[in-house]
Amino acid sequence: MKKFILACLFLVSAFSFSLEKSGIKDYDNLDLSKGKIIAYFNTKKQIVEEPDAMFYRKGYGMKGNYHLVADFYADTDTPEKIFLLRDLDDEDSINGKLAYYNKDETISYVADMKNGRIDGQKTTFEKGKVAAVVNFTNNLANGKGTLYYKEKNMQKLITHTDLQTEILHYFILTVPKY
């Protein structure tokens, strides 16, 4: 009997979400196993039937005037992103914080959103650690940002107002080589 109970506990833990924390209390405390499936999407975010879906969206109720929703990867049933949406069928109505996840349930980035565009701070993570903090206006890097990256096994901190060249340099250094 004990073996049976242990096996059941193992199965429950194996299928529960183990997301890295986003730092957004309402999202980190959300029970992602609950919620109601709202729609299925393809890679272009067009609504499709379930068998053709690459993603699906679950609703978790209202938070003020916004729907709290999460999009999931259909093939792994793991969260892609958690966010607030004014209109359920319009991603241009994303407002507030957005937490974006990799398929392995690690946090990719957290961003301030306004009308579906990054507007405010975007914090990018790599292996659970902050890799970049950049300010955006209307989806464009703007103002001061801080990038952390490894070069010759050393951490380097860069802070300046013109980020475009440094962001490109950062991503060239960190893109995996195949």
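Of note, Thr146 does not satisfy the criterion of being modelled with pLDDT of 85 or more, touching a Ser or Thr at 6+ places or on another chain (Cβ under 9 Å) and hydroxyl-bearing (Ser, Thr, Tyr).
Which one is least open to solvent (accessible area, probe 1.4 Å) among residues in the range 45-92 that are part of a helix (DSSP H, G or I) and within 25 Å of Lys122 (Cα to Cα)?
Glu91
Does at least one position in the range 92-102 carry a residue that is over 24 Å from Ala131 (Cβ atoms), modelled with pLDDT under 95 and of a type in the set (D, E, K, R)? Yes; the residues of the range 92-102 include at least one that is over 24 Å from Ala131 (Cβ atoms), modelled with pLDDT under 95 and of a type in the set (D, E, K, R). Does any residue of the range 35-44 turn out to be open to solvent by 80 Å² or more (accessible area, probe 1.4 Å) and modelled with pLDDT of 95 or more? Yes, there is a match, as at least one residue in the range 35-44 is open to solvent by 80 Å² or more (accessible area, probe 1.4 Å) and modelled with pLDDT of 95 or more. Going through (1) crowded, with 19+ Cβ neighbours inside 10 Å; (2) at pLDDT below 90 one by one, Glu126 falls short only on (1).
Screening Ala132 against (1) under 14 Å from the mean Cα position of the chain (by Cα); (2) open to solvent by less than 50 Å² (accessible area, probe 1.4 Å); (3) over 17 Å from Lys25 (Cα atoms) leaves a single unmet condition, (1). In the range 88-103, the residues that are under 17 Å from Met62 (Cβ atoms) and among the polar types (S, T, N, Q) reach residues that are modelled with pLDDT under 95 and surrounded by fewer than 19 Cβ atoms within 10 Å (Cβ to Cβ) with C-beta atoms within less than 6 angstrom, at least six apart or across chains, in these pairs: Ser93/Arg86; Ser93/Asp87.
Could you look through the range 84-122, keep only residues that are among the hydrophobic types (A, V, I, L, M, F, W, C) and in contact with a His (Cβ under 9 Å, 6 or more places away or on another chain), and pick out the one that is nearest to Lys44 (Cα to Cα)?
Of all residues in the range 84-122, those among the hydrophobic types (A, V, I, L, M, F, W, C) come to 84-85, 88, 94, 98-99, 107, 110-111, 113, 118.
Among the residues that remain, those that are also in contact with a His (Cβ under 9 Å, 6 or more places away or on another chain) are: 84-85, 88.
Working: Leu84: 20, Leu85: 18, Leu88: 16 Å.
That would be Leu88.
The values are calculated or read from the model by the stated rules, or taken from the named source; none is laboratory data. Owing to the predicted nature of the structure, the values given are computational and were not obtained by experimental measurement. So basically every Cβ, Gly included, is an ideal-geometry build from the backbone, and we count neighbours across all protein chains shown. Ligands, DNA and RNA are stripped out before the accessible areas are found, and what is left, the full protein with its side chains, is counted by its heavy atoms. Shrake-Rupley method; radii C 1.70, N 1.55, O 1.52, S 1.80 Å.
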